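Here is the structure we will look at, set down as structure tokens.
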Amino acid sequence: MRYSGEESDFGLIAGQPTLAFHRSKWELNTMIYDRLENFGKYFQTESPLFSALSFAVEFDPSKPDGRYEIESERIYALVSSYETSPASQNRFEIHRKFADVQVVIEGEEKVEVSLSSQLKSVTEYSDAEDKVFLESPRDSASLVMRRGDFAVIYPNEAHRPNCDVHGKLQVRKIVVKVRMNLEERF
């Protein structure tokens, strides 16, 4: 874990004890996977990631799918419903400008992740979508996302969302996009 911080607390990442640093300017810059009730352990209330997770916690599921502006173009949410598919039918991706805050509100899905920084792109980077697709790594880990789970996936962290856990399943998910100032992350 890379960090620069003043205060710290013990929290959980993937259910394991870890040291979470709170700071006014910097955020953890490694993927986070936990339960929504624990998100306050990771970020100060002024953090844009705290705002993103607060939106997800307060989201009324009776609202329709679509885009929701939270803080102009810096923070916005995409709410979508879809059917999961086998991992082999999905592609790994990274983002360059935005972190993904992923929260499942109905159903379950697997998000595969890779720490490899050596993956080659298989498409050109799309600035409009802030996305490039990557070759699949030899090895990856899986996050099983169920109602009440969240994952924060930072720019340049390879992930493959929308994958089946135990066969096709209908999912409804919030992905809050948070524009990151990478100079502040290190």
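The values are calculated or read from the model by the stated rules, or taken from the named source; none is laboratory data. Just so it is clear, the model here is predicted, and its values are computed rather than measured. Cβ coordinates were reconstructed from backbone atoms using ideal geometry, including for glycine residues, and neighbour counts include every protein chain displayed.
When the stretch 98-145 is examined, which residues are found to be more than 29 Å from F50 (Cα to Cα) and among the polar types (S, T, N, Q)?
Answer for the stretch 98-145, where residues must be more than 29 Å from F50 (Cα to Cα) and among the polar types (S, T, N, Q): Q118, S121, T123, S136.
Mind checking which residues of the stretch 27-50 are part of a helix (DSSP H, G or I), surrounded by 14 or more Cβ atoms within 10 Å (Cβ to Cβ) and more than 14 Å from the chain's Cα centre (by Cα)?
N38, G40, K41
Which number in (1) in contact (Cβ under 8 Å) with a residue 60 or more places away in the chain; (2) within 21 Å of D164 (Cβ to Cβ); (3) part of a loop (DSSP other than H, G, I, E, B) marks the one condition that R96 misses?
Looking at each condition in turn, R96 falls short on (2).
From the list S54, S24, S8, S62, which one is hydroxyl-bearing (S, T, Y), surrounded by fewer than 14 Cβ atoms within 10 Å (Cβ to Cβ) and modelled with pLDDT of 95 or more?
S62
So for the stretch 100-116 (the condition being small (G, A, S), part of a strand (DSSP E or B) and either in contact with a Gly (Cβ under 8 Å, 6 or more places away or on another chain) or at pLDDT 95 or above (or both)), does at least one residue qualify?
no
Report the residue count in the stretch 132-175 for those that are of a type outside the set (F, W, Y), surrounded by 17 or more Cβ atoms within 10 Å (Cβ to Cβ) and within 14 Å of K97 (Cβ to Cβ).
4
Restricting to the stretch 51-84, give me the number of residues that are outside any loop (DSSP other than H, G, I, E, B), farther than 20 Å from E129 by Cα and in contact with a Lys or Arg (Cβ under 7 Å, 6 or more places away or on another chain).
Qualifying residue count, the stretch 51-84: 1.
Collect the residues in the stretch 146-186 that are under 23 Å from D60 (Cα atoms) and without any contact (Cβ under 8 Å) to a residue 60 or more places away in the chain, keeping them in residue-number order.
R146, R147
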